[in-house]
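In what follows, a structure is listed as C-alpha cells, so that the remarks can point back to it.
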Amino acid sequence: MEGILIKNLLQKVLKKDDESERILFEMFYNKVYKTAYLFTKDHYLAQDVVQETFEKAFKQLHRLKNPENAGAWLGSIATNTAIDLMRKKKRWNDSPTEDVYIENELSKVETNSIDMEIERVFLIKSIRTHISNLKEEYKQVIVLRYLYEMKENEIAEALGIKTGTVKSRLHRAKLKLKEMLMNSYEKEESANE
C-alpha cells in the first residue's frame, strides 16, 4: 500500500506538485536526518544535508527506477551529500562536536531486566560512537546496509562501486567495529579492577 502511495506522490512531484513534495519530505525526513547526523555529528550541518538531499532528489527524480526504493535512494543521496560536506569542512579545518544519534531496530528491543536494558543502552551508544569513528567508506556501507536495509547490490549501484567492494567494505567495517568494541570493553574492565 505504501509503495503505491509513494509511486503516486513521485508522479505528482515530477509534475511540480508542491504538496506532494511536502508529503514526501515529511515521510522521509527522519531517516534522512539521522543519516546526515551520523556523518556530520552536528544538528545544523545535518539540517543543511537534509535540505540539499531533498533538493537533489527532486531534481533527479526522473532517475529513480523503482519507487519502492525511494527511501534507500534518498539515503544514498544523503550519505554522499554528508560525506561531500564533511570533506569540505575538513579542508576548512572545522569539525562538529555533537554526539552521534542513530535510531535503529536495536533500540526497539524490549527486555525484562533493568540491568539488561542498561547494558543494551550502553552497547547501542558504544556502537553508535564507534560507527561514527569508522573511515567514511566503511561508515557509508554500514549505514546503507543496516539503517536503510539496502542489499549489497543496491548499495553498489547507489555508490557506483562493485558488489564485491561493498561486501569487502562491510566485512572490514564489521571487523573494525568488533575490534573497537573489544578494546573499549578491555579498557573498561581494566579501569574497574
Pairwise FRET efficiency - residue 26 versus residue 153, Cβ, R0 = 25 Å, nearest 0.05: 0.30
Charge dipole (debye, nearest 20) of region 119-178; +1 at Cβ of Lys and Arg, -1 at Cβ of Asp and Glu: 320
Cα-only Debye scattering, region 31-94: base-10 log of I(q)/I(0) at q = 0.19, 0.20, 0.21 Å⁻¹: -0.65, -0.71, -0.76
Unsatisfied cross-links (Cα-Cα over 25 Å) in the set 89/139; 88/187; 16/89: 88/187; 16/89
Debye log10 I(q)/I(0) for region 118-180, one point scatterer per Cα, at q = 0.22, 0.28 Å⁻¹: -0.85, -1.18
Net charge, residue 56 excluded, C-beta distance under 11 Å - Lys, Arg +1, Asp, Glu -1: -1
Inter-label distance, nm, simple model (7 Å from Cα along the C-beta direction), residue 16/residue 43: 3.6
Lysines whose Cα lies under 17 Å from that of residue 65, excluding same-chain neighbours fewer than 8 positions away: 7, 12, 15, 56, 151
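None of the figures in this text is laboratory data; all of them are computed from the coordinates on show. Just so it is clear, the structure is predicted and the values come from calculations on it, not from any experiment. A quick note on method: Cβ atoms are made from the backbone with ideal geometry, for glycine too, and the neighbour counts reach across all protein chains shown.
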